[in-house]
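*Asks:* Here's a structure for you.
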């Protein structure tokens, strides 16, 4: 037990820092969304590509924040599982689903960050054939959102429900997890039915409001656990 306590303090602090970075990254996506000139246009339209070609920095900042949010969420999954249900098979499943969903989120947004602005420049300066070629494919690995929305949402929903059931999370924090997960799943269903307004509202609430609160709450839990473990040493 003493060995686990000594190991637990730095691990909990590290997990807390990762969750805090994740919370800040998700909050930053909300701020950078309003700086993104493409946010007012449908993705892939002429206006979208022209806006991106003329002022790419706002879009790049948004993509960078989302990529970092996905990466830190991916890194936190194992420790979140340990916090909520270390011996629970469902908690392990939730962590695996989260690693897949948030991992694909991170890779997708890194791909967009590395190539979308260049595609916009080529689109703005290119012929009709070049434009058709550019719009014929997407850099996003999961255009339907099965991983980015559905699996990530299912992971959060399971973690919130298990945290409530096991009493390993405060009720309010468990509810935030379940609410965030449901919003992601609603966004996935709305996306499949081409209800883009619902997608924007659900993804915005889940990723920019509920998400930061969930990850910040987890960060506080980990950091307090780390302080308590240090005090017992």
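*Asks:* Return yes when residue 197 is part of a helix (DSSP H, G or I) and closer than 23 Å to residue 171 by Cβ and no when it is not.
*Replies:* no
*Asks:* Of all the residues that make up the range 198-211, how many are crowded, with 22+ Cβ neighbours inside 10 Å and at pLDDT 90 or above?
*Replies:* Residues that pass the stated criteria total 4.
*Asks:* Only one of these conditions is not met by residue 72: (1) more than 19 Å from the chain's Cα centre (by Cα); (2) modelled with pLDDT of 95 or more; (3) buried (at least 21 other Cβ atoms within 10 Å of the Cβ). Which number is it?
*Replies:* Evaluating residue 72 over (1) more than 19 Å from the chain's Cα centre (by Cα); (2) modelled with pLDDT of 95 or more; (3) buried (at least 21 other Cβ atoms within 10 Å of the Cβ) leaves (1) as the failure.
*Asks:* Select from the range 83-106 the residues that are out of contact with any helix residue (DSSP H, G or I) (no Cβ under 6 Å at 6 or more places or on another chain) and surrounded by 18 or more Cβ atoms within 10 Å (Cβ to Cβ) and list them in ascending order.
*Replies:* 83
*Asks:* Residue by residue through the range 139-161, note down the ones that are closer than 19 Å to residue 114 by Cβ, surrounded by fewer than 19 Cβ atoms within 10 Å (Cβ to Cβ) and touching a residue at least 24 places away in the same chain (Cβ under 8 Å).
*Replies:* Matches in the range 139-161: 139, 140, 141, 142.
*Asks:* Please count how many residues of the range 188-197 are in contact (Cβ under 8 Å) with a residue 40 or more places away in the chain and crowded, with 20+ Cβ neighbours inside 10 Å.
*Replies:* The number of residues fulfilling the criteria is 2.
*Asks:* Would you mind stating whether residue 60 is surrounded by fewer than 21 Cβ atoms within 10 Å (Cβ to Cβ), in contact (Cβ under 8 Å) with a residue 12 or more places away in the chain and more than 15 Å from the chain's Cα centre (by Cα)?
*Replies:* yes
The values are calculated or read from the model by the stated rules, or taken from the named source; none is laboratory data. Computed from a prediction, not measured in an experiment: that's the story for all the values here. Positions of Cβ are generated from backbone atoms using ideal geometry, with glycine treated the same way; all protein chains shown enter the neighbour counts.
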